[in-house]
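To start, the structure under review is shown below, and the notes come after it.
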Amino acid sequence: MTAPSNPLTQEELKADLTLEQLQQLVGLVEYDASKDPFPVTAMDSVGFVVGNATQTANFYQLALGMDLEAYRGPETGCRDSKSYVLRSGSARFVFTGGVTPDSPVLDHHRKHGDGVVDLALEVPDVDRCIDHARAVGATILEEPHDVTDEHGTVRVAAIAAYGETRHTLVDRSRYDGPYLPGYVARTTTVTRGEGHPRRLFQAIDHCVGNVELGRMDEWVEFYNKVMGFTNMAEFIGDDIATDYSALMSKVVASGNHRVKFPLNEPAVAKRKSQIDEYLEFYDGAGCQHIALATNDILRSVDILRDNGIEFLDTPDSYYDDPELRERIGKVRVPIEELKKRRILVDRDEDGYLLQIFTKPMGDRPTVFYEFIERHGSLGFGKGNFKALFEAIEREQEARGNL
Ligand SMILES: [Fe+2]
């Protein structure tokens, strides 16, 4: 079962995850890294800009069960912004907010609201990746350089992705500090009740980007050419159209599938699609949702709901549909348990998956989360897209944006 091309990352080891668990959680596959022009080990972190990083960090500890791990701010010599690093399993989020009125972080927030600015990737060789990216025409935002403190040295660089999103490339093999040089260790002050699980999700499964009409293939090609990512499942047009909303979606993935980036673009429909709404309110292309892998979605959803997280509703008709019951067959719990929690289920030739989507996390109808529990399926819930979109449209209509 152990694949030599898939050694566990430091973060995964720290999170006590085994390779078997990860294969189940995020659907890893084996691949030959020696032929990869841009080897990617895993997601390093997801970087967010938010309006109030202090409160957001608190919220993610209280509501999403994440642990505070590191901090940078005026007290540590970073005058104009504060950043909090949080972890759940091998998933790491970094929330940054502006402190001084002239902080560029605030300019970004004024334009985009709360959102993802950095899908950082852990790579074994930053320079090799940048050499390749440059040769095929990628925009290099930061040249490779070392950052050092008493915990060692990290080599970093950054390339531009869709909208104002970036991919920072990080080689932390010579570093054992809490996050990056400049950050100090911080631990959570939140006390969790007895019986509360250690974490509500274990890893990042995929990060979805919304891009402008007609630009999806351009970005698919970017990931193919620059990062050597391969195309996975592909959904087009009718597959994910309701009467009013339509989108096109393609999925690219790193060699071992640890990193999966679906890309959406709006498709022409009778009325404004959810992707159009996102592009309008985010003011351009950006990250739409992050899927978080859990090994017990029922328990996670129960706790998240108790913590105040709101999920998209799914109509009763979804669960009572005899066609759906026929299509999904037997899953690990009775369908009534899924119905009670509004968890969606989809099956393909490899197995099945359970998934649920939150409402947008901030004030703007932009970034949201998915929780996903995989049982063999390497898909993204294609069979659920129509049911899901109908639910999203009800929300859009309530906001007056349909
Ligand atoms: Fe997803």
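Summary of computed values
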{"quantity": "Sparse-neighbour loop sites [GluC sites (Glu not before Pro); the range 343-402; at most 10 other C-beta within 10 Å; DSSP]", "calculated": "GLU349"}
{"quantity": "Counted charge near LYS111, where neighbours are those whose Cβ lies closer than 10 Å (Asp, Glu -1; Lys, Arg +1)", "calculated": "-2"}
{"quantity": "Hz values of 3J(HN,Hα) by residue in the range 214-225 - Karplus curve (6.51, -1.76, 1.60), Gly and Pro given as x", "calculated": "x, 10, 4, 5, 4, 6, 4, 5, 4, 5, 5, 6"}
{"quantity": "Square roots of five times the Cα gyration tensor eigenvalues for the chain, Å", "calculated": "31, 24, 23"}
{"quantity": "Local electrostatic count, ALA53, Cβ distance below 11 Å [Lys/Arg +1, Asp/Glu -1]", "calculated": "+1"}
{"quantity": "GNM flexibility winner over the chain from ASP348, ASP146, ASP118 (Cα, springs under 10 Å)", "calculated": "ASP146"}
{"quantity": "Spin-label pair GLU326/LEU213, simplified geometry with 7 Å Cα→Cβ offset, distance in nm", "calculated": "3.7 nm"}
{"quantity": "Cleavage-rule hits, GluC sites (Glu not before Pro), the range 99-196, DSSP coil, Cβ neighbours within 10 Å at most 10", "calculated": "GLU150, GLU194"}
{"quantity": "Long-range Cα-Cα pairs in the range 203-398 (distance over 32 Å), rounded percent", "calculated": "11 percent"}
{"quantity": "Anchor LYS225: lysines whose Cα lies under 16 Å away (excluding residues fewer than 8 positions away in-chain)", "calculated": "LYS35, LYS250, LYS260"}
{"quantity": "The range 56-121 and the range 148-173: distance between their alpha carbon centers, rounded to Å", "calculated": "16 Å"}
{"quantity": "Proximal lysines relative to LYS340, as straight alpha-carbon distance under 25 Å, when same-chain residues fewer than 8 apart are discounted", "calculated": "LYS330, LYS359, LYS382, LYS386"}
{"quantity": "Degrees separating the helix 385-398 axis from the principal Cα axis of the chain, which is the longest one", "calculated": "80 degrees"}
{"quantity": "Computed label-point distance, nm, for sites ASP80 and LYS270 using a 7 Å Cα→Cβ extension", "calculated": "4.9 nm"}
{"quantity": "Approximate spin-label separation LYS386-THR100, in nm, with each point projected 7 Å along Cα-to-Cβ", "calculated": "5.6 nm"}
{"quantity": "From phi via Karplus (6.51, -1.76, 1.60), per-residue ³J(HN,Hα) for the range 127-139 in Hz, x at Gly/Pro", "calculated": "5, 4, 4, 5, 4, 5, 4, 5, 4, 9, x, 5, 8"}
{"quantity": "Radius 14 Å from Cβ of THR96, net charge of other residues (Lys, Arg +1; Asp, Glu -1)", "calculated": "0"}
{"quantity": "Estimated FRET transfer efficiency (LYS339, ARG198; beta-carbon r; R0 30 Å; 0.05)", "calculated": "0.60"}
{"quantity": "Loop trypsin sites (Lys or Arg not before Pro), the range 247-311, which have at most 13 other Cβ atoms in a 10 Å radius of their Cβ (DSSP)", "calculated": "LYS270"}
{"quantity": "Max mean-square fluctuation residue, GNM over the chain, Cα-Cα springs under 10 Å, options ALA285, ALA15, ALA70", "calculated": "ALA15"}
{"quantity": "In degrees, nearest ten, helix 297-306 long axis to first principal axis of the chain (Cα)", "calculated": "80 degrees"}
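The numbers here are math on the coordinates, done by the rules we state, and not lab data. What you see is a predicted model, and the numbers here were worked out from it, not measured in a lab. Cβ: placed from backbone, ideal geometry, glycine included. Neighbour counts: every protein chain shown.
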